[in-house]
Ligand code: ADP
């Protein structure tokens, strides 16, 4: 069986924290699908097409990573793509509690899909897209926190 993992998120915008999780996981799975959430209810700072292109460019050097748009439930997306793993990153206790609840619910919905958690590198433990968005709204320099290919002021 080919080991396919889905890494779902808003990526508004993608950060070095996300990037690092995917690069490490790319060594563990045969294929990773980075699934960029469509989020019809939640408004994002950056439009879907921009978030998608940044994610795609970030991993263009990794042959076993591809980028897709995620609409609907992650678990249904997994089924459609024959993915048996959901990949998530963990920074702190709050992430852990949240991820545990989601993982339990997903397991109830589809027992064949396993959630795999990777600890954030200590360097990126305080990094979140939410904080990055606040800095961007105030025109701060976020370049050190984002993948090299992402220029939010271009
Ligand atoms: P969501 O909007 O669903 O919270 P995000 O796009 O913020 O999704 O994050 C997607 C995944 O990346 C989540 O598993 C989240 O915990 C993880 N993540 C976000 N920031 C970091 C970071 N700095 N280090 C490691 N993992 C992270």
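Contact annotation: residue pairs with Cβ atoms under 7 Å, 6 or more positions apart or on different chains, pairing a residue in region 129-140 that is in contact (Cβ under 8 Å) with a residue 60 or more places away in the chain with a partner that is not in a loop (DSSP other than H, G, I, E, B), are 132/145. The set of residues from region 1-51 being surrounded by fewer than 14 Cβ atoms within 10 Å (Cβ to Cβ) and within 11 Å of the ligand (Cβ to nearest atom) comprises just one member, 42.
For region 137-151, the set of residues classified as assigned to a helix (DSSP H, G or I), within 15 Å of the ligand (Cβ to nearest atom) and more than 16 Å from the chain's Cα centre (by Cα) consists of 144 only. The residue that is surrounded by the most Cβ atoms within 10 Å (Cβ to Cβ), counting only those in region 72-95 that are within 13 Å of the ligand (Cβ to nearest atom) and more than 22 Å from residue 23 (Cβ to Cβ), is 73.
Scanning region 96-112 for residues that are within 15 Å of the ligand (Cβ to nearest atom) and touching a helix residue (DSSP H, G or I) at 6+ places or on another chain (Cβ under 6 Å) yields a single hit, 106.
For region 15-29, state whether one or more residues are within 22 Å of residue 130 (Cα to Cα), in a loop (DSSP other than H, G, I, E, B) and at pLDDT below 95. Looking through region 15-29, none of the residues is within 22 Å of residue 130 (Cα to Cα), in a loop (DSSP other than H, G, I, E, B) and at pLDDT below 95.
The C-beta contact set for region 66-92 (first residue more than 15 Å from residue 106 (Cα to Cα), second residue part of a helix (DSSP H, G or I) and more than 14 Å from the ligand (Cβ to nearest atom), distance under 7 angstrom, 6+ apart or interchain) comprises 67/56.
Being within 13 Å of the ligand (Cβ to nearest atom), surrounded by 13 or more Cβ atoms within 10 Å (Cβ to Cβ), within 16 Å of the chain's Cα centre (by Cα) and assigned to a loop (DSSP other than H, G, I, E, B) is not true of residue 118.
The values are calculated or read from the model by the stated rules, or taken from the named source; none is laboratory data. On a predicted model such as this, the values are computed, not experimentally measured, just so you know. Don't worry about glycine lacking a Cβ; one is built from the backbone with ideal geometry, like all the others, and counts go over all protein chains shown.
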